[in-house]
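The values are calculated or read from the model by the stated rules, or taken from the named source; none is laboratory data. Small disclaimer: the values here were computed from a predicted structure and weren't measured. When we count neighbours, we look across all protein chains shown, and the Cβ atoms used for this are built from the backbone with ideal geometry, even at glycine. Surface areas here come from the heavy atoms of the whole protein model, side chains and all, with no ligands, DNA or RNA. Shrake-Rupley method; radii C 1.70, N 1.55, O 1.52, S 1.80 Å.
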Number of protein chains: 6
Amino acid sequence: MYAVNIRDHFMIAHSFRGAVFGPAQKLHGATYIVDLEMRRPELDPDNIVVDIGLAGEVLRSTLQELNFRNLDDEAAFAGRNTTTEFMARVIFDRIVARIAKGDLGPHAGGLTQMKVTLHESHVAWADFEGSLPQP
Amino acid sequence: MYAVNIRDHFMIAHSFRGAVFGPAQKLHGATYIVDLEMRRPELDPDNIVVDIGLAGEVLRSTLQELNFRNLDDEAAFAGRNTTTEFMARVIFDRIVARIAKGDLGPHAGGLTQMKVTLHESHVAWADFEGSLPQP
Amino acid sequence: MYAVNIRDHFMIAHSFRGAVFGPAQKLHGATYIVDLEMRRPELDPDNIVVDIGLAGEVLRSTLQELNFRNLDDEAAFAGRNTTTEFMARVIFDRIVARIAKGDLGPHAGGLTQMKVTLHESHVAWADFEGSLPQP
Amino acid sequence: MYAVNIRDHFMIAHSFRGAVFGPAQKLHGATYIVDLEMRRPELDPDNIVVDIGLAGEVLRSTLQELNFRNLDDEAAFAGRNTTTEFMARVIFDRIVARIAKGDLGPHAGGLTQMKVTLHESHVAWADFEGSLPQP
Amino acid sequence: MYAVNIRDHFMIAHSFRGAVFGPAQKLHGATYIVDLEMRRPELDPDNIVVDIGLAGEVLRSTLQELNFRNLDDEAAFAGRNTTTEFMARVIFDRIVARIAKGDLGPHAGGLTQMKVTLHESHVAWADFEGSLPQP
Amino acid sequence: MYAVNIRDHFMIAHSFRGAVFGPAQKLHGATYIVDLEMRRPELDPDNIVVDIGLAGEVLRSTLQELNFRNLDDEAAFAGRNTTTEFMARVIFDRIVARIAKGDLGPHAGGLTQMKVTLHESHVAWADFEGSLPQP
């Protein structure tokens, strides 16, 4: 199994609801350093997992939809705690949709698995990984 | 599958027995930077993998039992080489016991897999991973 | 010249005023990973630059005054852009005050220089450094 | 499952063929920081995954065959794009051959899985992982 | 003294002349991860060291002039070994010229010192630092 | 001013004397990741700060004198606390002696400053820096 991984980041404000979050129930924020990993069992005709230029643009534009936002104001997350693990899933799903639209090029159908990791500090991170829909 | 990961560290002295260890048969020591990763297929009602505050306390207190020790003097490891990979397993097992005691809170039963990684330098690390007992 | 450096972090929300900040004029947030470096020309009688236990507590409590806050609501920063470089200076000044109060122990008078670095992502950081008042 | 991981690096020149590579079609180069991970379900009699001294020598000598080369001139890669993911596979296969020759010692037959990761920058890396032939 | 630092990278091929370089006399290549640090004693009216958006563009375009090149073919470096430390100086000088042209904005005249660091691997890096011409 | 930096590591056991060290008064140990930085105002005739091959050998052999040792048993440190900052100075002085012996080659006389940093964990490090004796 082959994989490629690219890194980018975004910066948001948010707050949490629930006693488990302690002082993080107050409005605060985070820098999320994001690792996008894509996997496939065989390389494509160019000997690559994915067009890394396109993948970088898809990751960047996906994160721009969230960057410099207060997630408490985003309708898409109403009533949900925008935890690191939850946001990893949100980004995973949005990139799945971009692949389905063809934004990663004609050979991206060969991708079988993906993982999105969000680093919130030097001592804490979270990820969501799953299989990709097969064409 | 979701995961969260937290990092801490401990510092110990030890020595190894066996020609394979070369000069590391002498009493020396190590800083181990520890990554604790916990996985589950679905988030809990707070939208989290685990209460990261509790997880940090469990990791810290587990490492405190080892920190600033000479592992050659610990009865628990008598007759065993306290290699990095072996210590990863020791810490894995001790945290499994803490989960069983309920120290990670009421929703920790949803955790299904765990990995403990010990970094011994910038060029070498080891881990143990396995499934968690299901309640 | 000797130095010791310790690392911790805090997470805040804020917004900026001024066209130079572009989309960062909106309410967003950041994780700041903080490095506190202290320097002195000679070691103290214990062969150390500073009591690293006390230094860690002073850094932690200084950052706790800022952690999980919306800096736009803090009276101390009214009318100021809480940029990374400005916050490095704020933390520098607060730690200088703690040293003056004796919170770093009886030998901290030997410290001559200090630097506070705030990492806002894997690709951007800022610092403030300066001399320490001599007793 | 246990794992150990060791890190080394090599530096090469190469060029790519295919519009997908854009300006990387020109002769350029890369530093590849290489992580070699080896996995097995049980430790060997010395309480280790593998003799880390031997593993380091095998990794180093495998990378020396590539270090300070122009990969465009290597007969082994004629007609192939020497992408990061492809080179991860090349190194994987060469280390499999070294294990088969016995270069990792008598207990290396217990290794069941291996992963080779090549970091080409602070924002991009690739890996190949697979099962190891069982003796 | 305040500083800001931003990071980017470029990838090149080159060779060296001189017995001191050993096998690196052959055509090979490198990824250089570049840190650009800019310093000034007082912040500008926006409470910043420099417009980090402009600084990022200046760094990126400066590195693009070198990215995906064989430095042995560049007229600017004819007869010179393009070592890591030499390339740090080249980039330093090119950014000084960009500041002189006004590409870092109207307040960049307050910058007094600059450092350019090139990381060639996880175990080796080099830098050039110096004072900036005062307007 | 130019600089080059190389990284290596060593692993030791030791204990401290003095209430300020708390639980670290017990026998424990550390991995020290060591950065050796050498500076000079002008490059040598090969366009380098120092022969990085020789510098790597000098650093490695200097650390080998300490690696896999219990520092409490070393006559050279009798009656001294082998703190991180103190060990940075020890290594600094030993490398100064190696330069004086000519082990860094004929052009090393142009080196003017040096810094030795010891990282004891991901959250703590110390360094000693100073001028080099001029020939």
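Values for this structure:
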quantity	calculated
Percent accessible area from carbon and sulfur atoms, chain D, protein chains only, probe 1.4 Å	52
Protein accessible surface hidden between F and B, which excludes ligands and nucleic acids, total in Å², probe 1.4 Å	1800
Test item: Cα-centred dipole of the protein assembly as shown, Lys/Arg +1 and Asp/Glu -1 on Cβ, debye	0
Cα-centre dipole for the stretch B:38-93 with unit charges at Cβ (Lys and Arg positive, Asp and Glu negative), debye to 20	180
Loop-located chymotrypsin sites (Phe, Trp or Tyr not before Pro) in the stretch A:1-52 whose Cβ has at most 15 other Cβ within 10 Å (DSSP)	none
Among beta bridges that DSSP assigns inside chain E, antiparallel share in %, nearest 5	95
Size of electric dipole in the stretch C:10-135: Cβ of Lys, Arg +1 and of Asp, Glu -1, about Cα centre, debye, nearest 20	380
Separation between Cα centres of the stretch E:62-94 and the stretch A:59-135, rounded to whole Å	38
Summed side-chain charge close to A:Gly18 - residues other than A:Gly18 whose Cβ falls under 15 Å, Lys, Arg +1, Asp, Glu -1	-2
For the stretch E:1-120, accessible area per residue (1.4 Å probe, heavy atoms of protein chains only), Å²	37
Environment charge of C:His107, counting only residues whose C-beta is closer than 10 Å and scoring Lys/Arg +1, Asp/Glu -1	-2
Space enclosed by the convex hull of the alpha-carbon atoms of the stretch F:1-123, per residue, Å³	111
Distance in nm between pseudo-label sites at D:Leu54 and F:Asp73 (7 Å out along the Cβ direction from Cα)	2.8
Environment charge of F:Gly56, counting only residues whose C-beta is closer than 10 Å and scoring Lys/Arg +1, Asp/Glu -1	-1
D_trans [Stokes-Einstein, Kirkwood Rh over alpha-carbon pairs] for the protein assembly as shown, 10 °C, 1.306 mPa s, µm² s⁻¹	57
Sites excluded, GluC sites (Glu not before Pro) in DSSP loops with at most 14 other C-beta within 10 Å, longest stretch of chain F	F:66-135
Karplus-derived 3J(HN,Hα), 6.51/-1.76/1.60, for each residue of the stretch D:56-62, Hz, glycine and proline x	x, 5, 5, 5, 4, 6, 5
Rotation relating D and C, chain C residue nearest the axis via C-beta, angstrom	C:His122, 3
Bridge type composition, the protein assembly as shown - antiparallel percent by DSSP, nearest 5	95
Label geometry 7 Å along the beta-carbon vector: F:Glu74 inter-copy distances in nm	2.5, 4.0, 4.2, 4.2, 5.2
Value of relative contact order over chain B, rounded to a whole percent, pairs C-alpha under 8 Å and six or more apart	30
